[in-house]
Amino acid sequence: MIEHFNIIILVLMIITAIISLQVKDLLSASMIFGIYSFLICLLWAEMGAVDVAFTEAAVGAGVSAVFLIATVYNTKRRSSD
Amino acid sequence: MREFIENFVQPHFNYWAYVIIMMIGLWALIAKRNLIKKLIGMSIFQTAIILFYVSLGVKDGATIPIAPHHVAGDHADAHDSEHAESHDDHKAHPKPVADDYSNPLPHVLMLTAIVVGVATLGVALAVSQSLFKDFGTLEEDEILEQIKSGDYYD
């Protein structure tokens, strides 16, 4: 059962990684990257690495997403590719 | 083909996904022109490497690496005079076996890697904001064009 959970999360991670790199709007790209970080946090909780999981939830998903959104706010929102 | 998937892909799916995600990040670093997209690709690359290391510590049927409250040895010293009772304690709470817990060493190493990754992302975003102030754009090809034409000293 837990192996199926693992595979579902990994496939969703690959999908969100590709979407966040392909979308033209940089704010959407930052938010989808936040979703990617929370998915990998779920994966680590499932793999038994709880300390890595809550560090990722606080630092990876929270602070990285805030940094990216602040940069997009100070610069342009559209991307050419 | 079906045998290949059942024997080779499904039991090691973490490693296959690690390779795929790492190559997605490398492709973004090379092929994307926007600097923010490049930095998102760099973060994806870093998480792929962390995924590889955490996958090394996983064992079948293992739980999280936290010892239970009553481990053997806690009571053995306290009840040293009462040999019979301490023997019973050993039976009730057997010594923890390493195979029951996933390996915590890669977790601790990767905890550092996550924090370093966020620090590099923050510095890189600050540098790209400063580049935007100087050049008015975040596209790599436009910045290179302005540097080549030499009109960035205004």
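The values are calculated or read from the model by the stated rules, or taken from the named source; none is laboratory data. Because the structure is predicted, anything quoted here is derived from the model rather than measured. Counting neighbours? That spans all protein chains shown, and the Cβs are built from the backbone with ideal geometry, glycine included.
Say we look at segment B:102-154 and pick out the residues that are closer than 18 Å to B:T47 by Cα and of a type in the set (S, T, Y); which of these is surrounded by the fewest Cβ atoms within 10 Å (Cβ to Cβ)? Only one residue fits best here, namely B:T112.
Inspect all residues belonging to segment B:51-70 and state whether any of them is closer than 23 Å to A:A29 by Cβ, of a type outside the set (S, T, N, Q), touching a residue at least 12 places away in the same chain (Cβ under 8 Å) and assigned to a helix (DSSP H, G or I).
yes
State whether the residues of segment A:43-52 include one that is of a type outside the set (F, W, Y), closer than 18 Å to B:S55 by Cα and more than 8 Å from chain B (Cβ to nearest Cβ). Yes, segment A:43-52 has at least one match.
Of all residues in segment A:18-52, those being acidic (D, E) and either within 21 Å of B:G117 (Cα to Cα) or crowded, with 21+ Cβ neighbours inside 10 Å (or both) number 1.
Looking at segment B:99-139, which of its residues are of a type in the set (D, E) and within 10 Å of another protein chain (Cβ to nearest Cβ)? Of everything in segment B:99-139, just one residue is of a type in the set (D, E) and within 10 Å of another protein chain (Cβ to nearest Cβ), namely B:E139.
Among the residues of segment B:1-44, those identified as touching a helix residue (DSSP H, G or I) at 6+ places or on another chain (Cβ under 7 Å) and in contact (Cβ under 8 Å) with a residue 60 or more places away in the chain are B:R33, B:L35, B:I36, B:K38, B:L39, B:M42, B:S43. Being within 7 Å of chain B (Cβ to nearest Cβ), under 15 Å from B:L138 (Cα atoms) and surrounded by fewer than 17 Cβ atoms within 10 Å (Cβ to Cβ) is a condition met by at least one residue of segment A:70-77.
Could we say that A:I15 is surrounded by fewer than 16 Cβ atoms within 10 Å (Cβ to Cβ) and more than 8 Å from chain B (Cβ to nearest Cβ) here? Even if it seems obvious, please write down each step before you answer.
Numbers: surrounded by fewer than 16 Cβ atoms within 10 Å (Cβ to Cβ): yes; more than 8 Å from chain B (Cβ to nearest Cβ): yes.
Considered against the rule, which asks whether it is surrounded by fewer than 16 Cβ atoms within 10 Å (Cβ to Cβ) and more than 8 Å from chain B (Cβ to nearest Cβ), A:I15 comes out as yes.
Here B:K91 meets the list (1) in the same structural domain as B:K37 (by TED's automatic domain parsing); (2) modelled with pLDDT under 90 almost entirely, failing just condition (1). A:D25 meets the stated requirement of being over 25 Å from B:I5 (Cβ atoms) and in contact (Cβ under 8 Å) with a residue 24 or more places away in the chain.
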